[in-house]
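Taking it in order: structure first as structure tokens, then the write-up.
The values are calculated or read from the model by the stated rules, or taken from the named source; none is laboratory data. Quick caveat: nothing in here was measured; it's all calculated off a predicted structure. Reconstructed Cβ throughout: ideal geometry from the backbone, glycine too, with neighbour counts over all protein chains shown. With ligands, DNA and RNA removed, areas are computed over all heavy atoms of the protein, side chains included. Shrake-Rupley method; radii C 1.70, N 1.55, O 1.52, S 1.80 Å.
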Amino acid sequence: MSTNSITTQKVNFKVFRFNADEDYLPYYENYTMDITSEEVVLDVLNRIKWDHDGSFSYRRSCRHGICGACAIKVNGRSTLACKESMTTMIEYFGNEITLEPLSTKRAVKDMIIDKADFWDKHASVTPYLVADIDECPSCENLVSPHDAEELNEADLCIQCGACHYACPVVEINSDFFGPAAFVAAYRFESDVRDSDGNRLINVNEEKQGVWDCAKCFECAEVCPKDINPIDKITKLHQMAFKKGVAKNNVATRHAVGFLHSIKKHGMLDEGGLVLYSEGAHIVKHIPVALQMFKKGKIVMPWNMPKSDKLDEIQKLIKSSSTVKF
Amino acid sequence: MKKLKYALFTGCTAKQSTPEQMMSTLAVARKLNIELIELTEASCCGASHLQDYDDFLSLVLNARNIAYAEKHELTMVTICNTCQLNTAMTKHRLDKNPELKAKVNEKLAEVGLEYKGTSNVIHFLYAIIDDFGLDKIKELVVKPLSQFNIAPFYGCHNIRPSELHDESHKQKENPYNPTSLDDLIIACGGKNVDYEEKNKCCGFHVELQAPHTAAVLTGTAIAGATDQNADMMVTPCPLCHLKLDTQTKSASEAIGREVSLPVLHMQQMVGLALGCTPAELGLKHHVTEVNFI
């Protein structure tokens, strides 16, 4: 038990309020409360409802970081309300705290959002085991501890939506499955018992699949279960190459192009990479390339710098490569 | 103060599309009397794309780069956020997993190298803030940037994952409310601009496969800075710089609004305040002209 004494400080809360049935526009309500060092964000939501306004609405259930119902945004940061301590939030953002739903665009009532897009995408990745297992097997379908480790804790996801609504790509590209759906896809794709042939192809399709991930690491930062969704996204990329389902497109060539470039120069040949990735479509980059050329930003192929001891790099590529495309 | 000395991992853009970044890094190092030993043997870090293809190979190549810094018995400094991510991530994974480290070293032994884990990996931004010191920089400022509102653009890979940042650097950085670049702007005499997109993604890594997404992210960032009255943006990442400086046309089209701001590399901003000339800092290499100096 902590020996630290409980401290209290004043915090001003700006709280998103909206009732889709009655309000034309959302508005913010202000509350000032004394917050103790022991409280979590959910305690604040409860106190707003119990002490200030009984009509204030939010989802909550387990209070133990298991049901995933109470995720909201605190100063723009996706947060599982029952798990996050107010002390950390005050450390992050000071004493002016804004409480909003995970997505203000999808708000139904106060903190409650319509999560249909999240669930639709979750359902799109075949989030269950596809296996030809006898209904009355003579023995158990054992998974060894070593094989179970392959899941990399993807099975701990509680579908709270924190990463999904923190992902900037989900915000822009409505086809993009998003980090939580990819975690679900990885969870079953990495299960030794699974035999689904389409899931990996599906999550590698352009626009909706892993190749549209912008690599911003927002998902890894917000996940309340420390699942590290982008790590699973990276693994889905790697699986696509290993299992031979990676299509020959601009995204996959972009990844493989790095290898070719490093093999040849040690360094990346920027122009060469774009040419290799885009093929004939490179013409669309010409206007920007010309502007860059005028400013001395383009190195001609014959002037391409090379790493010293390139032979060492080439030798290591030969001995350490684990994938073929 | 003891003279600071680092092994410099330049990354690839400093030698190609952002020559001004290399020039300004060296100019600032001269002004601050920091010695940089360039790791000319280093390969590309894989930019988190080789990592999508061949994880083990990317570990071996990055471990090789670090091994050269270790040979000099120096801390490695990077001048690109994505180089920082991939190098520090390699170090993190190898230091935490002796089995993986042994496997990587088996390969490195073929070329007579070994990854020991003795060199730290930090971004140059934090080298000058944490090791050199903001107060000392302040003392050296001869041309304070006091007439400018400067919008910091942090770039994802310096601040996320925060665990990796905090492990590599002396001081923590709050990924939701980062302050280092703001502090540096203030130390250079400028007015730091607070805006929502300062810790957001520029879209660089999906430029080829998802151009619309990338362009919206870039456009939103520049628009956010503009709306808070920024005269210019400043970034420690050359990839963010490329996106914000050279892609304003597609960014403007994507968000339906003309956006364009001069964008300085962090090193250029410090260099200007320390009295370096625009020529030394390579200001002529910008696509969006830096015409206020």
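Some observations on this one:
- Subset of region A:137-152 [open to solvent by 60 Å² or more (accessible area, probe 1.4 Å) and not small (Gly, Ala, Ser)]: A:PRO137, A:CYS139, A:GLU140, A:ASN141, A:LEU142, A:PRO145, A:HIS146, A:GLU149, A:GLU150
- Considered as a group, the residues in region A:205-229 that are at the interface with another protein chain (Cβ under 9 Å from one of its Cβ atoms) and among the charged types (D, E, K, R) include one that is surrounded by the most Cβ atoms within 10 Å (Cβ to Cβ), and that residue is A:GLU218.
- Sole exception among (1) surrounded by 15 or more Cβ atoms within 10 Å (Cβ to Cβ); (2) touching a residue at least 40 places away in the same chain (Cβ under 8 Å) for A:ILE72, by number: (2)
- All positions within region B:180-201 that are part of a loop (DSSP other than H, G, I, E, B) and either more than 9 Å from chain A (Cβ to nearest Cβ) or modelled with pLDDT under 95 (or both): B:CYS188, B:GLY189, B:GLY190, B:VAL193, B:ASP194, B:TYR195
- Taken over region A:75-98, the criterion of being under 27 Å from A:GLU171 (Cβ atoms), open to solvent by 50 Å² or more (accessible area, probe 1.4 Å), in contact (Cβ under 8 Å) with a residue 24 or more places away in the chain and over 22 Å from the mean Cα position of the chain (by Cα) is satisfied by A:GLU96 alone.
- Residue match in region A:163-186 (condition: open to solvent by less than 50 Å² (accessible area, probe 1.4 Å), at pLDDT 95 or above and on the phi > 0 side of the Ramachandran plot): yes
- Close pairs (8 angstrom Cβ cut-off, 6 or more residues apart or separate chains): at the interface with chain A (Cβ under 7 Å from one of its Cβ atoms) and free of Cβ contacts under 8 Å to residues at least 40 places away in the same chain in region B:209-220, open to solvent by less than 10 Å² (accessible area, probe 1.4 Å) and among the β-branched types (Val, Ile, Thr) anywhere: B:ALA210/A:VAL169; B:THR213/A:VAL169; B:THR213/B:VAL206
- A:LYS232 more than 8 Å from chain B (Cβ to nearest Cβ) and open to solvent by 10 Å² or more (accessible area, probe 1.4 Å): no
- Odd one out for B:THR118 among (1) within 13 Å of another protein chain (Cβ to nearest Cβ); (2) more than 26 Å from B:VAL234 (Cβ to Cβ): (1)
- Number of residues in region B:202-219 that are open to solvent by less than 10 Å² (accessible area, probe 1.4 Å) and assigned to a helix (DSSP H, G or I): the value is 6.
Conditions (1) away from every other protein chain (no Cβ under 14 Å); (2) closer than 30 Å to A:LYS242 by Cβ; (3) within 21 Å of the chain's Cα centre (by Cα); (4) open to solvent by 20 Å² or more (accessible area, probe 1.4 Å), marked per residue:
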position	(1), (2), (3), (4)
A:VAL125	yes, yes, yes, no
A:VAL130	yes, yes, no, yes
A:GLU135	yes, no, no, yes
A:CYS157	yes, yes, yes, yes
A:PHE188	yes, yes, yes, yes
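- Residues of region A:274-286 that are open to solvent by 30 Å² or more (accessible area, probe 1.4 Å) and at the interface with chain B (Cβ under 8 Å from one of its Cβ atoms): A:VAL274 alone.
- Region B:128-147, residues that are buried (at least 22 other Cβ atoms within 10 Å of the Cβ) and either of a type in the set (S, T, N, Q) or assigned by TED's automatic domain parsing to the domain that holds B:HIS241 (or both): B:LEU145
- In the set (1) of a type outside the set (Gly, Ala, Ser); (2) within 23 Å of B:SER17 (Cα to Cα); (3) surrounded by fewer than 24 Cβ atoms within 10 Å (Cβ to Cβ), the condition left unmet by B:ASN174 is number (2).
- Answer residue from region B:1-30, given it is over 15 Å from A:PRO305 (Cβ atoms), outside any loop (DSSP other than H, G, I, E, B) and without any contact (Cβ under 8 Å) to a residue 24 or more places away in the chain and is nearest to the other protein chains (Cβ to nearest Cβ) among those: B:LEU26
- Filtered by the rule that a residue be closer than 19 Å to B:THR40 by Cα and over 29 Å from the mean Cα position of the chain (by Cα), region A:263-286 gives A:LYS263, A:LYS264, A:HIS265, A:GLY266, A:MET267, A:ASP269.
- Scanning region A:295-325 for residues that are more than 8 Å from chain B (Cβ to nearest Cβ), assigned to a helix (DSSP H, G or I), more than 30 Å from B:ASP245 (Cα to Cα) and open to solvent by 70 Å² or more (accessible area, probe 1.4 Å) gives A:ASP311, A:GLN314, A:LYS318.
- For the criterion of being touching a Gly at 6+ places or on another chain (Cβ under 7 Å) and farther than 21 Å from B:LEU59 by Cβ, A:VAL143 fails.
- If you go through region A:247-273 and keep only what is under 22 Å from A:GLY209 (Cα atoms), within 7 Å of chain B (Cβ to nearest Cβ) and either without any contact (Cβ under 8 Å) to a residue 24 or more places away in the chain or open to solvent by 30 Å² or more (accessible area, probe 1.4 Å) (or both), you end up with A:HIS254, A:ALA255, A:PHE258.
- Residue check, A:MET292 part of a loop (DSSP other than H, G, I, E, B) and either facing another protein chain (nearest Cβ under 7 Å) or open to solvent by 90 Å² or more (accessible area, probe 1.4 Å) (or both): no
- Going through (1) out of contact with any Lys or Arg (no Cβ under 6 Å at 6 or more places or on another chain); (2) touching a residue at least 60 places away in the same chain (Cβ under 8 Å) one by one, A:LYS105 falls short only on (2).
- Among the criteria (1) touching a residue at least 60 places away in the same chain (Cβ under 8 Å); (2) under 24 Å from B:CYS237 (Cα atoms); (3) touching a Phe, Trp or Tyr at 6+ places or on another chain (Cβ under 7 Å), the one A:ALA154 does not fulfil is (2).
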